Amino acid sequence: MNNIIEKILDHRSIRSFEDKLLSGEQINTIVECAQVASTSSYIQAYSIIGVTDPEKKAKLAELAGPQSYVEKNGHLFVFCADLYRQDMVSEMENTDLSVSIESTEKFMVACIDAALAAQNAALAAESMDLGICYIGGIRNNLPEVSAILNIPYRVIPLFALAVGYPKNRSDKKPRLPLANIYHENGYKGDKQEFIGQLEEYNETISSYYEHRTKGKRKETWTGQMAGMLGKKSRLYMKDYVEKQGFNKH
């Protein structure tokens, strides 16, 4: 097993960071690593906003949860789906690209491009012995996040990535069984087999939480998912996405 694989397999989310900022060199390296991620048809349909202003970080932390580690970290990166520059392409090349730009396909391309870039950034940070935590909570109120970050038309903040020097390393959360994730030559959707795998996973997760909390928490994964998915959240998203010029057809 090589060092890269060891780093990948040792991943865990870090939510407590030392009071130490990343250097400019570290930030640039992380962004450069993000930029060499694969991108569909060379579109590069994403942008990254580094947030250093303490007031802005505090506002984002409040909107995201509140989540203190959004404010207190070594650096905060916000990854955005970005087709703003494609509007510039349309103007520079004197051709109407709006139908393509506003399609569901290009919306997916922008989201996928941003996610691929972010994972490259995360791996680069972890290779420097830094800790990372993805922050989906910024989507709780994207209109306000957009105002804070001066987001233009054709751009959507998707998630943030908090990076810093780990203060406390959390335990690794057990993932779903490989057989529940990986399928060969077609999707294996046998209901009873799936349920059996999930029941075994429930036992693993329940034991994990019980050990981690010294018996205060024993919930299962399916119970946790049912509780989370049972709550109606971020239902404004479709309107916001279309308002920003994405996913119209």
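Tabulated data for the structure shown
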item: Selected from 116, 152, 166, residue furthest toward positive end of dipole (region 115-249; charges at beta carbon); result: 152
item: Integer Hz, Karplus 6.51/-1.76/1.60 couplings in order for region 175-190, x for Gly and Pro; result: 8, 4, x, 3, 5, 8, 10, 9, 10, 9, 6, x, 6, 9, x, 4
item: Alpha carbon centroid spacing (whole Å) that separates region 17-53 from region 68-111; result: 15
item: Cα-based convex hull volume of the chain per residue, rounded to whole Å³; result: 175
item: Over 31 Å between alpha carbons, listed pairs 167/216; 191/243; 191/248; 7/231; 56/218; result: 191/243; 191/248; 7/231; 56/218
item: Dipole magnitude of the chain, debye to nearest 20 (Cβ charges: Lys/Arg +1, Asp/Glu -1, about Cα centre); result: 1020
item: Amide N proximity, region 217-237 versus residue 204 label position 7 Å along Cα-to-Cβ, cut-off under 13 Å; result: 221-222
item: Least to most buried among 116, 76 (fewest other Cβ within 10 Å first); result: 116, 76
item: Charged-residue dipole, Cβ positions (Lys, Arg, Asp, Glu), region 178-218 about Cα centre, Debye nearest 20; result: 440
item: Karplus-derived HN-Hα couplings along region 107-124 (A = 6.51, B = -1.76, C = 1.60, θ = phi - 60°), whole Hz, x at Gly and Pro; result: 4, 5, 4, 5, 5, 5, 4, 5, 5, 5, 4, 5, 5, 4, 4, 4, 5, 4
item: Region 214-224 - phi-based ³J(HN,Hα) in whole Hz, Karplus 6.51/-1.76/1.60, Gly and Pro as x; result: 6, x, 7, 9, 9, 5, 8, 5, 5, x, 5
item: Protection proxy ranking, peptides 30-39, 230-239, average beta carbon neighbours within 10 Å, highest first; result: 30-39, 230-239
item: Burial ordering of 9, 149, fewest other beta-carbon atoms within 10 Å first; result: 9, 149
item: Calculated SAXS-style log₁₀ I(q)/I(0) at q = 0.21, 0.26 Å⁻¹ - region 171-249, Debye, Cα scatterers; result: -0.94, -1.16
item: Neighbour-count order for 211, 249, fewest beta carbons within 10 angstrom listed first; result: 249, 211
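Coordinate-derived values only; no laboratory data. This one's a predicted model, so the numbers in the text were calculated from it and none came from an experiment. Neighbour counts are summed over all protein chains in view; Cβ atoms, including those assigned to glycine, are modelled from backbone coordinates with ideal geometry.
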